[in-house]
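The values are calculated or read from the model by the stated rules, or taken from the named source; none is laboratory data. What you see is a predicted model, and the numbers here were worked out from it, not measured in a lab. Every residue, glycine among them, receives a Cβ derived from its backbone with ideal geometry; neighbour counts consider all protein chains shown.
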Amino acid sequence: MNKILPIRLLSIILFSICALTASLGQSVPRPDIKFGKVSLEELKMTHYERDSSAAAIILFDVGKFTDSNITFTRHLRIKILNKAGLSWADQTFNTPSKSSFKVVVNNLENNEVISEKAKSESIFEEEIFDDFKVYKVFAPNVKVGSVIDISYSFIGLPSEWRFQEIIPVVYSELEIESSKLISYNKFSFGFEPIQTIGYNKWRAVNVPAFKIEPFLNSYKNYITKFRIQVTSINFYGANTRIVDFSSTWGKVAGNLDGSDRFGGVIKNNKYLKEVADSIGSLNLTPLETTKAALNYIKDNIKWDNTNRAFASDDYRLKLTKYHTGSSADINLQLIALLQRLGLEAYPVALSTKDNGVLLEYQPAIDQLNYVVSFINLNDNEPLLIDATSEESTLGVLPIRCINGKGLLIGEEKYKWVDLKSNYTYEKRQFTMLTLTEELELTGQMSVNHKGLEFSSWCEEQNELNEDSEKYMNRIKEKFDIEGVSNHVVSQKNVDKQSITEKFNLDLESKVIDNGNSIILFPIVMYDYDKNPLKSDTRQYPIDLISTKNYSYTTILNLPQKAEIVNAPTSVKFMNSDASANFQYLISKSATGLQLKIDLTIEKSVFLETEYVELKEFFSQVSKAVNQPIEIVL
Amino acid sequence: MRLFFVFLFSISAFLNLSISYGQEYAKIITDNTTYEIEKNDDLIITQNYKIQINSKEGLKFSYFYDYIDKFKKLKKLEVIVRDKTGKKIKSLNKGDGHEYGFNSSYEIDDSKIFVLDPDYQNYPFTIEVTSKSEQTDYLSMPTWLPRNSFNIKVESSNLEIILPINKEIKIKEEFIAPASIQEDSLVKIIKYHAENLEPIDSKIRYSDFYESQPKVIIAPFEFEIEKAKGSFESWQKFGDWFYDLNNDTYELTQDTKNYLNGLDSRNSYETIRKIYHYMQDRTRYVSIQLGIGGYKSIPTAFVDEKGYGDCKALTTYMKNMLDYVGIKSNYILVKAGKDVPDVKKEFPSNQFNHVFLGIPLSDTVFLECTSQISPTYYTGTFTDDRNVLWIDKNKSQIIRSKTYKLEDNVQLNNAQLSIDSEGNGQLNLETINEGVFMEQLFLYKSAANNYISDYQNKDFGYKDFIINSYTLEESDRDSERMRVNFEITIKNFGQKLGDKLIIPKVQLRPLANYIDESELYEYASIPRAIQIVDSVNIIMEEKFYMNQQSKEEVIESEFGKYTQKIIESDKGLICIRSIELKKGDYTKEEYQKFNKFWSKVKRLEKKKMVLNTKT
């Protein structure tokens, strides 16, 4: 059911189409709107009262599936409010079957409505690849103030209906007449209210523009929409979509288990006999055996950067001959090998972050786009394994996979497991600084990245092709620091998910000669030196991916005759549910001062209602670590 | 007939890069490329190469890519994958590849990218490719660039150009040994060879990499696109071709004529403005490139009726309206964009990707016709300071496009910053941008309302702040000066230390706003001269005073000038920062000198001052 090669590109294309097209949405009560008939008020409108910044708005967006002709028809009306909104005159539509379009542009000229129908030369069908096509509509004669009516219809159902868009939607309505010919599941997403106004009929009114915020999990989880999944089609029409039958998660699990490209990959594992025997002959512990199997897979099949839940047709060749494959080619064969070795390993099918989160009450096989391995080693907690990265080990999931829950497919049943790493963001930073009587502040720093910090570090190194010079430029920019040099990497340990790096420091800018006293800023390269949260309000949850534990120590050696005049006092604070903790301890030592800073964050997701408090927490952190010290010599 | 050669060992001002060799992600073992021109002028390109992929970083070099469109077809492709021992792993052909058309929502064209992914990853491995493509109508031929990317080593690469004895083509060689030529009564074969080219890291800009590469640039002498015949014998001849192709009779609608008839045409500058506004308010940019549409404008009537078009169509529309009111204007062909190699003046050929308009008035003025937001006479960095082709019947020639100079590219920041005794700041900032800084206008006019505050806050280096509001002053639409007012709350702008307060000497935007240092390694490039002047009026409680000796710092060099000045005022302090940077590309010793200057500036930028309390 999956076309093999193009998918990795397809996901990018689909994403951009979704982002661009904006399957738009519509006023209260349902305005009496006829296609091509626009009111004077609509044309005279110069701004939208509820959102003065809107470049364009969707006045009206109505979709209806009619049973008698199994046709879905949509009528969309867009109002252009300023020049930046002109881009809404170019639309891309991705429909499941051949579609016919009507486009009318309405302008006000001398207080008269001038309506112009677009000719076929403004509507294009464009092939993106192979037989995947989209429709492009360039509405003619669109100016600031224009009202554009677009209507199209096709046989079948759309894959989603968005009640919300990145511009405001005044009125959006969807009706799906019940039909013996087509059945579907509908899943609801987002925070804006959707009213049920009749049998299989819904609407949303005055929906605000969707705002893309920083630290947002995929916008797909939060934009208000219905996802529509056709579960069966009983007619023979042209170009109908692929049918799938996943009305419960149990059925989904059964389908996966029975599929040649999922369950079959794991069960038909005789071809791995030789490998399994050679690992088996080493008489290792279950943990060591698992590691040996993981290493075998990592060495023999490299990730081709595609996320997939189903293996390819030639997955065996991919392991034994081509040494390249998707997440499914890699991880399903890892599970096969582990089972062959007699270990209790199962697949966990999941949806990656950019694909949206899986919901327990919304079964959908086509939402799955990745699979990892679950292993139960008796005496330990069960662990998840992903073998797509050379730097991965047991219990490590890549960040793209840390997305709610995944579906574990056991021998006879399925269950939900939390998609989390057994590792968190961990960093230990140790700095030794010495101030000379000539006011030179120099020293060394060692930074140990562990867990997800290790993964992020490796990812950054890969991105920079391990070029040290480029990395140093990054460091200087990120921490706003000059005088850092001699980068040395040591103790890279994939098993422990740990890496240590060292730098030399020469911190001219951190010392101020204030005449009769000296002022120092002793904390350098601290990750939360700046408040990461900017805006003062928040609409959606803040996704920090995982918990964090950062510990930072500085030993500051001062000239012998130095006298400390002013230094920060030790401080400790936390947010109200104690999920974010900060501690700054300062103490005198024989040679100067010792500073110890600990930051822990024990939740990976904060609700929008917790935003203001979290922001204040980071604000206090930023204040604390930027405090100077004053000495006299 | 003769063969047209241009021998030029790049005497122009290329950067003479002294770059150390870089990492080798892949190695071209052999590459034999043939360009064969047939009697009917069709161009057959055959490629036969063998590349060794060393590591994951080089994986992209294992893919086969080809550009295809209405005039260019991929006829044959064979790909063999071999493992490190030389054993054949698989054979692939054209059917294993895919065609992709990647276009934005405002674009439609018939060009596609053909991609074949050999789907193999056991390093090192070798890919052998044999391909043949055929091009019928063409204006340009692919440049032969043996080392075609960063981090590739080339052991041996050969080019053969085969053409009938009576055909002419144009060749320009750069950094490559002269050709050997064989001739018989039917064909002429021109051969080039390159070997042992070491890999280069991506620490220089692509345009600089490209300019310094051994290559052979090839262009047809005469060409024909959908029956329209032209020649690259001279810029004048090519200009005539473009002129004639786009000089059909165009019809404006009666509405537009009525509008134009109503214009007072005594002042040309004013008339042009009015017509430009008329166009801006009725049209938008939509790219439609089908067949010869890549070169020839769609009729004006289409643009006038539909209200959209691509650069050629919109430019032609503007030109026709100007023609109608008796103002003569000229097309200008340009290679638009940032980081693009400059057009080679001495080698007439199709080196362009965009068109705009020039009008010879007392000064020549330029009109970019694809923006609905741009001030009439503003063109910006998309087309500035480069060789462009001025199209005029029988008189086409290369000219230099508008260059924004130091006195044009000005940013003025006037701010009032109130600091309380805890160190919190309240900043009211007015930023005035001119010249290249004006381009921010496009961002401010089109960004989502939370974009500036949530994402653009890198502009400011503060550790903890909120942009409470920003307002773009709505001025005359033709003003080439934009004004934005910000209100920013900065927490802990200063650090309290006993009864002292420590604050930065530079209170406004960090240098990273003006120079992208992450790109600079063994050379520095300041593509445009700029000047920035900040004046910050710091208001603080009366008890504070500054007790530092050095209140003015000046660093001056051949590269520019940097000044920091702090003056005491009634209510606090006035801090002036001014930066002047000259345009220039610096390598070797010059780079070292530049670096010295710049390091001094950076040091000053990080300085803080101590406000003591009066006793």
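Before moving on, here are some points about what is shown:
- Restricting the first member to segment B:595-615 and to residues that are over 23 Å from B:Tyr545 (Cα atoms), and the second to residues that are assigned to a loop (DSSP other than H, G, I, E, B), the beta-carbon pairs closer than 8 Å and six or more apart or on different chains are B:Phe597/B:Phe559; B:Trp598/B:Phe559; B:Ser599/A:Glu482; B:Lys602/A:Glu482; B:Arg603/A:Glu482.
- Criterion: of a type in the set (Gly, Ala, Ser) and part of a strand (DSSP E or B) - qualifying residue of B:Ala219, B:Ala177: B:Ala219
- Residues that are buried (at least 20 other Cβ atoms within 10 Å of the Cβ), over 20 Å from A:Ile123 (Cβ atoms) and of a type in the set (A, V, I, L, M, F, W, C) were ranked within segment A:71-109; the one that is modelled with the highest pLDDT is A:Leu81.
- Qualifying positions in segment A:295-339 - small (Gly, Ala, Ser) and closer than 11 Å to B:Gln121 by Cα: A:Gly325
- Filter pass, A:Ser392 being small (Gly, Ala, Ser), part of a strand (DSSP E or B), more than 16 Å from A:Pro347 (Cα to Cα) and more than 14 Å from every other protein chain (Cβ to nearest Cβ): no
- Subset of segment B:198-216 that is part of a loop (DSSP other than H, G, I, E, B) and acidic (Asp, Glu) - its residue that is surrounded by the most Cβ atoms within 10 Å (Cβ to Cβ): B:Asp201
To keep it simple, each residue is scored yes or no on (1) under 26 Å from A:Arg538 (Cβ atoms); (2) in a loop (DSSP other than H, G, I, E, B); (3) small (Gly, Ala, Ser).
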| position | (1), (2), (3) |
| --- | --- |
| A:Phe582 | yes, no, no |
| A:Leu585 | no, no, no |
| A:Lys588 | no, no, no |
| A:Gln594 | no, no, no |
| A:Ile597 | no, no, no |
| A:Thr600 | yes, no, no |
| A:Lys603 | yes, yes, no |
| A:Thr609 | yes, no, no |
| A:Val612 | yes, no, no |
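- When each of B:Ile44, B:Ile51 is tested for being in a strand (DSSP E or B), in contact with a strand residue (DSSP E or B) (Cβ under 8 Å, 6 or more places away or on another chain), away from chain A (no Cβ under 13 Å) and farther than 30 Å from B:Gln289 by Cα, the lone residue that passes is B:Ile51.
- Pair list, Cβ < 8 Å and 6+ apart or interchain, from segment A:257-268 residues that are at negative phi to residues that are assigned to a loop (DSSP other than H, G, I, E, B) and of a type in the set (Phe, Trp, Tyr): A:Ser259/A:Phe310; A:Arg261/A:Phe310; A:Phe262/A:Phe310
- Meets criteria (within 11 Å of chain B (Cβ to nearest Cβ), modelled with pLDDT under 90 and within 24 Å of the chain's Cα centre (by Cα)) for A:Asn465: yes
- Just one of the listed residues (B:Glu173, B:Glu155, B:Glu128) is crowded, with 19+ Cβ neighbours inside 10 Å and closer than 30 Å to B:Glu198 by Cα, namely B:Glu173.
- Scanning segment B:71-101 for residues that are within 14 Å of another protein chain (Cβ to nearest Cβ) and small (Gly, Ala, Ser) gives B:Ser91, B:Gly95, B:Gly97, B:Gly101.
- So B:Lys565, is it of a type outside the set (A, V, I, L, M) and within 14 Å of another protein chain (Cβ to nearest Cβ): no
- 3 or more residues at pLDDT below 90 and within 33 Å of the chain's Cα centre (by Cα): qualifying strands (runs of 3 or more DSSP E) within segment B:409-526: B:523-526
- Checklist (1) at pLDDT 90 or above; (2) buried (at least 17 other Cβ atoms within 10 Å of the Cβ) applied to A:Ile13, failing item: (1)
- Top-ranked residue in segment A:180-231 [being outside any loop (DSSP other than H, G, I, E, B) and among the small types (Gly, Ala, Ser); ranked as nearest to A:Phe65 (Cα to Cα)]: A:Ser183
- Here B:Glu174, B:Glu183 are screened, and the one residue that is in contact with a helix residue (DSSP H, G or I) (Cβ under 9 Å, 6 or more places away or on another chain) and farther than 30 Å from B:Ala228 by Cα is B:Glu174.
- Strands (runs of 3 or more DSSP E) fully within segment A:55-140 that include at least 3 residues being at the interface with chain B (Cβ under 10 Å from one of its Cβ atoms) and touching a strand residue (DSSP E or B) at 6+ places or on another chain (Cβ under 7 Å): A:90-93, A:123-129, A:132-138.
- Selection status of B:Gly494, more than 8 Å from every other protein chain (Cβ to nearest Cβ), of a type outside the set (Lys, Arg), in contact with a Phe, Trp or Tyr (Cβ under 6 Å, 6 or more places away or on another chain) and over 23 Å from A:Pro214 (Cβ atoms): no
- Pair list, Cβ under 6 Å, 6 or more apart: segment A:417-444 residue surrounded by fewer than 17 Cβ atoms within 10 Å (Cβ to Cβ), other residue assigned to a loop (DSSP other than H, G, I, E, B): A:Asn422/A:Gly395; A:Glu437/A:Pro559
- Helices (runs of 4 or more DSSP H) within segment B:231-283 that include 1 or more residues in contact with a helix residue (DSSP H, G or I) (Cβ under 8 Å, 6 or more places away or on another chain) and among the aromatic types (Phe, Trp, Tyr): B:254-261, B:268-282
- Boolean, B:Lys445 is facing chain A (nearest Cβ under 10 Å) and more than 20 Å from A:Ser53 (Cβ to Cβ): no
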